[in-house]
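Working notes for the structure below.
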């Protein structure tokens, strides 16, 4: 880890203030942070003396405000590019350390080191990490959050301490068991403050893809058969009709003074909530509903979602109270949905555009991409052992976000940046596995000095001698 920090310092710190601010982003963002300083606020962005700069969340400006603390005076505005860029360079180095940790926990120290080295030396990561752009902070939080979620899902979790154990022991045992999930929810909240709802969209996409791929009717069919009957069908269908009727009524009676965009947003929220109620409450015995509920329970949504909201929501509440609907109209409809639909004046391109950009972004490591993917694909399955499900999760962590950005109407070259950490991880894993037979046992996790609690290796010899449907993890997520 210290080696990675040293390499990162050599790459990201020298001459960090040796070149002027780059258009179009650096001077623009810095101007907003400077005006916030003049208005003595840490919460309300100002631009050209008006508090209506709503294109980005607040984390970018907080980092710049911290850098401004070290500036001498307004006369030295042009001499302090170093202090403006330093927080982002340190975040880039930290991203390499977190990449090492979560990949190490899943695939071993060698793979973790190569993955982190590939990330901090990737051209796109270097370019973005050495300038004032929020993307490095957003990608650090998003990639590490999804990585630690995989650690929580696919590595053995230690047992909790006994109820009569000392408080310190119980807290440490809880952190050892639940730490990856706490990291997932906390980092997602940081990503929310960094780039809005992009990270959460990608996480929902990956988890939904994993849930669909791992769903098997026969895993839950017995309970469904026991619950099903005329009485059940009559009562639940009646409840379903009531829920749908309430949703329709609520969408119809929305205040008439709402604009078209507001009305569509509220209607989408209402019907989305109704769909969740139907799936997880009314027809909770339905096999797909059980599967979704099991996965949500496994990612600790019961206490994780409140943790996420406690960290990420207060600033948005502040903006809602102070600016109301105009803030959300610009932030969501223009800067989120407008970019995705390609309706604003931003660059677009064909689907294959990001194939080239991803190759440039990870060069020269992208030269190993095809053999690395082959190594992982031959060891990936949504239905078999825990190790193979882990490999499958890594694959969809690359492919589904890639498809999302490929289908987006707006295509800046750096929009593919969230895929880069997982691409580097896959290349590292493939390099470690090169020359090994596809049927050879690959241990799940490893022991060794960690950043957090040690993850024990999974010793599974007899498991691989059994038919695949009898292996650990073969029956859905309930026993993994």
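Tabulated data
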{"item": "Pairs, first without any contact (Cβ under 8 Å) to a residue 24 or more places away in the chain in the stretch 242-253, second surrounded by fewer than 16 Cβ atoms within 10 Å (Cβ to Cβ) and part of a helix (DSSP H, G or I), C-beta under 8 Å, six or more apart", "result": "251/266; 251/271"}
{"item": "Residue 202 closer than 20 Å to residue 400 by Cα and at pLDDT 90 or above", "result": "yes"}
{"item": "Any hit, the stretch 263-279, residues being surrounded by 13 or more Cβ atoms within 10 Å (Cβ to Cβ), in a loop (DSSP other than H, G, I, E, B), modelled with pLDDT under 80 and outside the structural domain of residue 145 (by TED's automatic domain parsing)", "result": "no"}
{"item": "Every residue from the stretch 41-55 that is modelled with pLDDT under 90 and within 20 Å of residue 83 (Cβ to Cβ)", "result": "none"}
{"item": "Leading residue by the ranking (nearest to residue 58 (Cα to Cα)) among those in the stretch 132-154 that are in contact with a helix residue (DSSP H, G or I) (Cβ under 6 Å, 6 or more places away or on another chain) and outside any helix (DSSP H, G or I)", "result": "134"}
{"item": "Residue under evaluation residue 118, criteria (1) surrounded by 23 or more Cβ atoms within 10 Å (Cβ to Cβ); (2) farther than 24 Å from residue 193 by Cα; (3) within 19 Å of the chain's Cα centre (by Cα), criterion not met", "result": "(3)"}
{"item": "Meets criteria (loosely packed, with under 15 Cβ neighbours inside 10 Å and within 21 Å of residue 191 (Cβ to Cβ)) for residue 60", "result": "no"}
{"item": "Where residue 363 falls short, out of the listed (1) more than 18 Å from the chain's Cα centre (by Cα); (2) in a helix (DSSP H, G or I); (3) modelled with pLDDT of 90 or more", "result": "(2)"}
{"item": "Residue 292 being crowded, with 16+ Cβ neighbours inside 10 Å and assigned to a helix (DSSP H, G or I)", "result": "yes"}
{"item": "Any hit, the stretch 295-306, residues being surrounded by 17 or more Cβ atoms within 10 Å (Cβ to Cβ), touching a helix residue (DSSP H, G or I) at 6+ places or on another chain (Cβ under 6 Å) and under 17 Å from residue 237 (Cβ atoms)", "result": "no"}
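Residue by residue, here is whether (1) at pLDDT 90 or above; (2) under 30 Å from residue 120 (Cβ atoms); (3) within 22 Å of the chain's Cα centre (by Cα) holds:
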| site | (1), (2), (3) |
| --- | --- |
| 305 | yes, no, yes |
| 312 | yes, yes, yes |
| 320 | yes, no, no |
| 323 | no, no, no |
| 326 | no, no, no |
| 335 | no, yes, yes |
| 345 | no, no, no |
| 351 | no, yes, no |
| 370 | yes, yes, no |
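The values are calculated or read from the model by the stated rules, or taken from the named source; none is laboratory data. Predicted, not measured: the structure shown is a model, and the values here were computed from it. As a convention, Cβ positions derive from the backbone with ideal geometry for all residues, glycine included, and neighbour counts pool all protein chains shown.
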